[in-house]
Amino acid sequence: MTTLTVGFDLDMTLLDTRPGIARAWEMLAEETGVRIDSAVVVSRLGPPVEIEMAHWFPADEIKARSDRYRQLYAEHGVKGVTPLPGAIESLAAVRAAGGRTLVVTGKHTPNARLNLDALGIEVDALHGDVFASAKAGALRAEGASVYVGDHLGDIEGARQAEAVAVGVTTGPYDAAALRAAGADVVLADLTGFPAWLQAHLRG
């Protein structure tokens, strides 16, 4: 029998990382003298930081600024990050069903690890620095049959991996947008995931 493997996105799916992300962007703005609206930044989390960085810096500065942002986040952005409602219970529900849990995220892998470790969250595998269709490779490699995320890119990755795409509306997209992108099921947040998983496993 194939082991149940469930993947989760990190930012705004499992964790509310907005306070730390905003803090790191504000510090970058102070260092560079560039006016950055951190509220706008945290309203569109999901893609790798280079994509967001292109809104604020010229192309030839993106790599260096992204590297610096990741340093600032590692030093100052982890504090204040909290699990979203139902996150801990959802991971526990997968384990209770004899399954494996993955985090597959666009976040820089070492910083994703810092977030998980700071909260004492254990998962069976972590894949960072992947977004949208690139998530499918990690999901396939781990044998994930379900992937949960808040971004349209998460739905794309799940569908390309032929995993059940579960959308949650805790991020930038509402239920209609997630369904239009191809989500198989949409939940308001992860508090509904354990019950959904039980029903899914019953067939």
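The values are calculated or read from the model by the stated rules, or taken from the named source; none is laboratory data. None of the values given here were measured: they were computed from a predicted structure. Don't worry about glycine lacking a Cβ; one is built from the backbone with ideal geometry, like all the others, and counts go over all protein chains shown. Just so you know, the surface numbers come from the protein's heavy atoms only, side chains and all, with ligands and any DNA or RNA stripped out. Shrake-Rupley method; radii C 1.70, N 1.55, O 1.52, S 1.80 Å.
Taking the listed residues Gly106, Gly182, Gly98, the one that is assigned to a loop (DSSP other than H, G, I, E, B) and closer than 28 Å to Glu75 by Cβ is Gly106, with no other qualifying. State whether the residues of region 127-135 include one that is modelled with pLDDT of 95 or more and in a strand (DSSP E or B). The answer is yes, given that some residue of region 127-135 is modelled with pLDDT of 95 or more and in a strand (DSSP E or B).
Screening Ala59, Ala54, Ala112, Ala132 for residues that are among the hydrophobic types (A, V, I, L, M, F, W, C), farther than 22 Å from Gly171 by Cα and either within 17 Å of the chain's Cα centre (by Cα) or open to solvent by 10 Å² or more (accessible area, probe 1.4 Å) (or both) leaves exactly one candidate, Ala59.
Listed by first and then second residue, the pairs with beta-carbon distance under 9 Å, at least 6 apart or on different chains, first residue in region 1-27 and at pLDDT below 95, second not hydroxyl-bearing (Ser, Thr, Tyr), are Thr2/Gly143; Thr3/Gly98; Thr3/Gly99; Thr3/Arg100; Thr3/Gly143.
Could you list all residues from region 79-92 that are surrounded by fewer than 20 Cβ atoms within 10 Å (Cβ to Cβ) and modelled with pLDDT of 95 or more? Walk me through how you get there before you give the answer.
Step one: of region 79-92, the residues surrounded by fewer than 20 Cβ atoms within 10 Å (Cβ to Cβ) are 79-80, 82-83, 85, 88-89, 92.
Across region 79-92, the qualifying residues are Thr82, Pro83, Pro85, Ile88, Glu89, Ala92.
For Pro19, the conditions (1) in contact with a helix residue (DSSP H, G or I) (Cβ under 8 Å, 6 or more places away or on another chain); (2) closer than 29 Å to Val166 by Cβ all hold with the exception of (1).
Quick grid of which residues meet (1) outside any loop (DSSP other than H, G, I, E, B); (2) farther than 19 Å from Leu116 by Cβ; (3) in contact with a strand residue (DSSP E or B) (Cβ under 7 Å, 6 or more places away or on another chain); (4) not polar (S, T, N, Q):
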residue	(1), (2), (3), (4)
Val34	no, yes, no, yes
Pro47	no, yes, no, yes
Ile62	yes, yes, no, yes
Pro85	no, no, no, yes
Leu91	yes, no, yes, yes
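Among the numbered conditions (1) farther than 20 Å from Ala64 by Cα; (2) among the aromatic types (Phe, Trp, Tyr); (3) over 15 Å from the mean Cα position of the chain (by Cα), the only one that Phe8 does not meet is (3). Arg70 - would you say it is open to solvent by less than 40 Å² (accessible area, probe 1.4 Å), more than 24 Å from Tyr173 (Cβ to Cβ) and charged (D, E, K, R)? Judged against the criteria, Arg70 is a match. Filtered by the rule that a residue be open to solvent by less than 10 Å² (accessible area, probe 1.4 Å) and under 18 Å from the mean Cα position of the chain (by Cα), region 26-51 gives a lone residue, Val41.
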